[in-house]
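Right, one structure below, let's go through it.
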C-alpha cells in the first residue's frame, strides 16, 4: 500500500518569459498565493490597444446616432413640406378650374388661365421635389443604420478581443489552486515558458490518502466503512487507524497501459488485485509526517465492518 495525493501540476496558459518566481522548493503555500509571474508588458499593451479601439468606435457610434437623429428630423421636415406643397397644388388646381370657367363665361381672360396653369405646374414640381427630399432622407437613414450595424459588430468583436487580452493578462500570474506544498519546481527567473509546460507540483498535504491493492480473495468481506490499522515507518513505527473509503470498479490490470488479453484459449487463473482507497485521520495528516509515495502496511479488521441495512 502507498500514500497518494491528488496533486496539481502547475502549467501556464500563455507563453512568455518568467519575470519572478515567488516560491521555493518544498515551500508551503495557501490557495491563491502567487507562484510565479510572467512578464506582462506585451499583454498590457494588447489590453490598452483594444480599449483605445473600443473608445474610438464608441465615439463613432455616438456620431452615427446623432447623424441618424438629424436625418430623421430632415425626413419629418420633408414630409411636412410635401403636405404644404400638396395643399398648394390643390389650391392651384382649383384656381385653374375657376379661371377656365371664367374664361368660358367671358368674365376671365386667357392670361389669367395661363397664370393659373403655370401655378399648377409649379405646385406639381414642388411636390416632385418634396418626394425626392423624402426619398433622399430615407436613403440617408438606411445608410446610417447599415453603418451603425457594421460599427456595432466591429465594436462587439473588439470587446471580445479586449476581454481575451484581459484574461491573458490575468494568466501572467500563476497561483496555487489550493493549500499545499510546492514540489518538483523546474522553472527559474528568465526562463521562456509555453502553455501546458509543467513548472511545479502542488501536493495537498491535508488530503493525503492510502491506496492498498487487495487480492480478490480478500474482497468478500471488505466494505466501505471498515477500520484499517496502518503502519508507517515515517511515523516512528506507530500505528494509526484509517477507514476504507471505496473500492475501485476494476482490478489494477484493467487500468494498466497494456491490459492482459488471453485470446489463445490457454487460461491460467491468476489472483488479481483491486485498489482500495483508505482515508487517513485528520490528526495524522496534521503532523505533516506523511508524504505521497511512502509505503505503508495495512491490516483490515473485518469485525469493524458497518452493519448491513435491512
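The values are calculated or read from the model by the stated rules, or taken from the named source; none is laboratory data. All of these numbers come straight from a predicted model, not from anything done at the bench. Reconstructed Cβ throughout: ideal geometry from the backbone, glycine too, with neighbour counts over all protein chains shown.
Would you confirm whether or not region 118-130 contains a residue that is under 55 Å from the mean Cα position of the chain (by Cα) and either surrounded by 18 or more Cβ atoms within 10 Å (Cβ to Cβ) or closer than 30 Å to residue 21 by Cα (or both)?
Within region 118-130, one or more residues are under 55 Å from the mean Cα position of the chain (by Cα) and either surrounded by 18 or more Cβ atoms within 10 Å (Cβ to Cβ) or closer than 30 Å to residue 21 by Cα (or both).
Give just the number: which of (1) at pLDDT below 95; (2) in contact with a strand residue (DSSP E or B) (Cβ under 7 Å, 6 or more places away or on another chain); (3) at negative phi does residue 137 not satisfy?
Failed condition: (2).
So which strands (runs of 3 or more DSSP E) stay within region 1-45 end to end and still have 2 or more residues that are in contact (Cβ under 8 Å) with a residue 60 or more places away in the chain, exposed (fewer than 14 other Cβ atoms within 10 Å of the Cβ) and not assigned by TED's automatic domain parsing to the domain that holds residue 298?
Ranges flagged: 16-21.
Do we have residue 105 as closer than 30 Å to residue 126 by Cα and not assigned by TED's automatic domain parsing to the domain that holds residue 18 here?
Working: closer than 30 Å to residue 126 by Cα: no; not assigned by TED's automatic domain parsing to the domain that holds residue 18: yes.
Judged against the criteria, residue 105 is not a match.
Is it the case, given these coordinates, that residue 243 is at pLDDT below 90 and surrounded by fewer than 19 Cβ atoms within 10 Å (Cβ to Cβ)?
No, not satisfied.
Keeping to region 256-303, report how many residues are assigned to a strand (DSSP E or B) and modelled with pLDDT under 75.
Number satisfying all stated conditions: 0.
A quick yes/no check of all residues on (1) at pLDDT below 90; (2) not in a helix (DSSP H, G or I):
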{"site": "98", "(1), (2)": "yes, no"}
{"site": "119", "(1), (2)": "yes, no"}
{"site": "167", "(1), (2)": "no, no"}
{"site": "182", "(1), (2)": "no, yes"}
{"site": "186", "(1), (2)": "no, yes"}
{"site": "202", "(1), (2)": "no, yes"}
{"site": "206", "(1), (2)": "no, no"}
